[in-house]
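Here, each number is a calculation from the coordinates, and none is a lab measurement. In this text, all values refer to a predicted model and were calculated from it rather than measured experimentally. Here the Cβ is made from the backbone with ideal geometry for all residues, glycine too, and neighbour counts use every protein chain on show.
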Amino acid sequence: MNIAGAVCFRAGHRPRMFYKLHVHRGRRGEPKTFAGSDYRDFIRMVHRQLGTPVVWVWDNLSVHLQQEIFDFEAEHKDWLIIFHLPPYAPEINPQEGIWSLLKRSLADFAAADLTHLTRVIKRKLKKTQYRPHLITGCLPTTGLDLDGLINEPDVANST
């Protein structure tokens, strides 16, 4: 299972979190992980949900650096700006805080099968979505200051 996630911050608004799961069931020809097109579709979905231009901040996962993503950004420069974090810098990525919360909540969990694991992860991520204080709590360690972002686009951070 792979999870793509984005935390979104906008001064004066509650923080938001979005996620998308990719479950690999071992079938022949089935992709094992997200492709560039999956990330592109995820960015589109977040943009539609937010209804505002987006500044997307990404880690340096190889698929995030594919030409397809750069072409997509150029094609949608009216609502999308992508920045890349420096390599090996999880401490400045607020999405890493969400993954930490998820991992801690699964510490003593044993899934019966992949379907059970998928259901539990979706439920735990949904709970986080409805607790904005948890999402906000992932921001201070990054050093990101939202005070200067009033009337600016949403800042979406994804891994």
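In region 45-62 there is at least one residue that is within 25 Å of residue 134 (Cα to Cα) and among the charged types (D, E, K, R). If you take the residues in region 49-104 that are in a loop (DSSP other than H, G, I, E, B) and of a type in the set (Asp, Glu), which one is surrounded by the fewest Cβ atoms within 10 Å (Cβ to Cβ)? Only one residue tops the list, namely 78.
Within region 98-118, the set of residues being charged (D, E, K, R) and farther than 30 Å from residue 13 by Cβ comprises 108, 113. For region 55-83, a tally of residues being closer than 16 Å to residue 4 by Cβ and either touching a residue at least 40 places away in the same chain (Cβ under 8 Å) or not aliphatic (A, V, I, L, M) (or both) returns 11.
Summed over region 73-107, the residues that are in contact with a helix residue (DSSP H, G or I) (Cβ under 9 Å, 6 or more places away or on another chain) and within 12 Å of residue 60 (Cα to Cα) give a count of 6.
Residue pairs whose Cβ atoms lie under 7 Å apart, separated by 6 or more positions or on different chains, with the first residue in region 23-35 and more than 20 Å from residue 121 (Cα to Cα) and the second part of a loop (DSSP other than H, G, I, E, B), are 30/24.
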